[in-house]
Amino acid sequence: MQYKCPLLLVAITMCFVTKGFSQRGNYQITNGIGIFGGITKFDIATDNFTTAQGDGFLGGLSATVDIPHKWYNVSFGMQLSENNLGISARPTMLSTVDVFIDYKLFAAQIAMLMHIKVIETYFTIDVGPMVQYNGKLEVKDKGQKEYYINNYTNLTATDITNISLFNFNGAIGASAGIKNFKLKAQYIYGFTNILKKLENQNLDTTGGDARFKGNQNMLVFGAMVLF
């Protein structure tokens, strides 16, 4: 996956934050850079498939704007993640043995978050929108590429990999810690249908629903260092 465009956008955004906010108001506004990383729990909520939540990891950068005398701060950032997901399938068309095929999904997310100061400096509630660009679903075990997806007669593991690449999410979470170090927990929900593109692939949907609908959800647990 190519991440050059998202990285360039974040760099431009950071420059804008530094210049735009530092000259406003009658009190000092502090800008900073945060580096963060963590683990993820990823799933797609759908009636088309039987899924299993998978583990992954995430890392990124953010430009933070600390606004004194206000009940909130703001940040602009980008994060890259590798996520895993299981989808129920069977080795052959008539098999009664069910297995979970492991899929991998790479994603880049750009977010603008508001940080509500519950306890200033020490604890905030974080909420805001997020734009996502992701790759296709990737079958991790090549030996499972021709497995048949449960809930359908002829649909194979590789048939469902070409999902929607651009998605819009909402994020809510919390940060706790000291001035330069925070522990973070975040829940990300996909408002757009990440499986919508499958409807344009002329797939054989015999035995199941030809309309595909799924909303991603991701839990993130991690830490951030601020400079």
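The values are calculated or read from the model by the stated rules, or taken from the named source; none is laboratory data. Keep in mind it's a predicted model, so treat the numbers as computed, not measured. Virtual Cβ from ideal backbone geometry, glycine too; neighbours counted across all protein chains shown. SASA here: full protein model, heavy atoms, side chains in, ligands and nucleic acids out. Shrake-Rupley method; radii C 1.70, N 1.55, O 1.52, S 1.80 Å.
Please find, within the stretch 186-200, the residue that is most open to solvent (accessible area, probe 1.4 Å) out of those that are closer than 17 Å to residue 160 by Cβ and out of contact with any Ser or Thr (no Cβ under 8 Å at 6 or more places or on another chain).
Filtering the stretch 186-200 for residues that are closer than 17 Å to residue 160 by Cβ and out of contact with any Ser or Thr (no Cβ under 8 Å at 6 or more places or on another chain), the one most open to solvent (accessible area, probe 1.4 Å) comes out as 200.
Checking residue 48 against (1) modelled with pLDDT of 95 or more; (2) closer than 27 Å to residue 117 by Cα; (3) over 17 Å from the mean Cα position of the chain (by Cα), which test does it fail?
(2)
Only one of these is assigned to a strand (DSSP E or B) and crowded, with 20+ Cβ neighbours inside 10 Å: 52, 89, 45. Name it.
Going through 52, 89, 45 in turn, the sole match is 89.
Among the residues of the stretch 63-73, what is the count of those that are in a strand (DSSP E or B) and open to solvent by 10 Å² or more (accessible area, probe 1.4 Å)?
Of the residues in the stretch 63-73, 4 are in a strand (DSSP E or B) and open to solvent by 10 Å² or more (accessible area, probe 1.4 Å).
Of the residues 63, 45, which is more than 30 Å from residue 154 (Cα to Cα) and of a type in the set (Gly, Ala, Ser)? Write out each step before concluding.
Working: 45 fails: more than 30 Å from residue 154 (Cα to Cα).
On inspection, the qualifying residue turns out to be 63.
Which residue pairs have Cβ atoms under 9 Å apart, sit 6 or more places apart or on different chains, and have a first residue in the stretch 204-227 that is closer than 19 Å to residue 176 by Cβ and at pLDDT 95 or above and a second that is outside any strand (DSSP E or B) and open to solvent by 70 Å² or more (accessible area, probe 1.4 Å)?
Listed by first residue and then by second, the contacts come to 225/180.
From the list 149, 188, which residue is aliphatic (A, V, I, L, M), in contact with a Lys or Arg (Cβ under 9 Å, 6 or more places away or on another chain) and under 26 Å from residue 211 (Cα atoms)?
Working: 188 fails: in contact with a Lys or Arg (Cβ under 9 Å, 6 or more places away or on another chain).
Testing whether each residue is aliphatic (A, V, I, L, M), in contact with a Lys or Arg (Cβ under 9 Å, 6 or more places away or on another chain) and under 26 Å from residue 211 (Cα atoms) leaves just 149.
Which condition from (1) in contact (Cβ under 8 Å) with a residue 12 or more places away in the chain; (2) of a type in the set (A, V, I, L, M, F, W, C); (3) over 20 Å from residue 84 (Cβ atoms) is the one that residue 119 breaks?
Among (1) in contact (Cβ under 8 Å) with a residue 12 or more places away in the chain; (2) of a type in the set (A, V, I, L, M, F, W, C); (3) over 20 Å from residue 84 (Cβ atoms), the lone unmet condition for residue 119 is (1).
State all residues of the stretch 204-225 that are surrounded by fewer than 19 Cβ atoms within 10 Å (Cβ to Cβ) and more than 20 Å from the chain's Cα centre (by Cα); if no residue qualifies, say none.
To start, the set of residues in the stretch 204-225 that are surrounded by fewer than 19 Cβ atoms within 10 Å (Cβ to Cβ) comprises 204, 206-207, 209-211, 213, 215, 217, 219, 221, 223, 225.
Passing the criteria: 204, 206, 207, 209, 210, 211, 225.
Can you name the residue in the stretch 135-181 that is in contact (Cβ under 8 Å) with a residue 60 or more places away in the chain and open to solvent by 30 Å² or more (accessible area, probe 1.4 Å) and is also nearest to the chain's Cα centre (by Cα) among such residues?
Of everything passing the filter in the stretch 135-181, 151 is nearest to the chain's Cα centre (by Cα).
Quick test for you: out of 76, 57, pick the one residue that is open to solvent by 20 Å² or more (accessible area, probe 1.4 Å), in a strand (DSSP E or B) and within 30 Å of residue 147 (Cα to Cα).
The conditions single out 57.
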